[in-house]
C-alpha cells in the first residue's frame, strides 16, 4: 500500500489566484533558457500561451517579473 500526502499551494489576491507552481516553473525556465520560446518548448506550451501568462504576471505585481528585450532573443527575469 502506497500512501502519499499531496499539497497544492498558491497565492491569492482579492480571491483571485495570483501565483502557483506552474508560473513559478515558467519563470525559472525563462531565466535558465534565456528566452520565452525556450521556456515554452520545455513546458510543452505555445509561445502565445507563455506570452499571455507572462503578460498576466507582469500586470499583477508592483514591478514586472519578466522584462523582454525585443530582437535580442533573450528575456531577463526580475526578482
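At a glance:
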quantity	calculated
Complete set of residues in segment 1-53 that are in contact (Cβ under 8 Å) with a residue 40 or more places away in the chain, out of contact with any helix residue (DSSP H, G or I) (no Cβ under 8 Å at 6 or more places or on another chain) and outside any helix (DSSP H, G or I)	34, 35
Identity of the residue in segment 58-73, assigned to a helix (DSSP H, G or I) and touching a strand residue (DSSP E or B) at 6+ places or on another chain (Cβ under 7 Å), that ends up modelled with the lowest pLDDT	60
Residues that are surrounded by 17 or more Cβ atoms within 10 Å (Cβ to Cβ) and more than 15 Å from residue 56 (Cα to Cα), drawn from segment 14-29	29
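The values are calculated or read from the model by the stated rules, or taken from the named source; none is laboratory data. Remember, it's a predicted structure, so these values are computed and weren't measured experimentally. Note: ideal-geometry Cβ built from the backbone for every residue, glycine included; neighbour counts use all protein chains shown.
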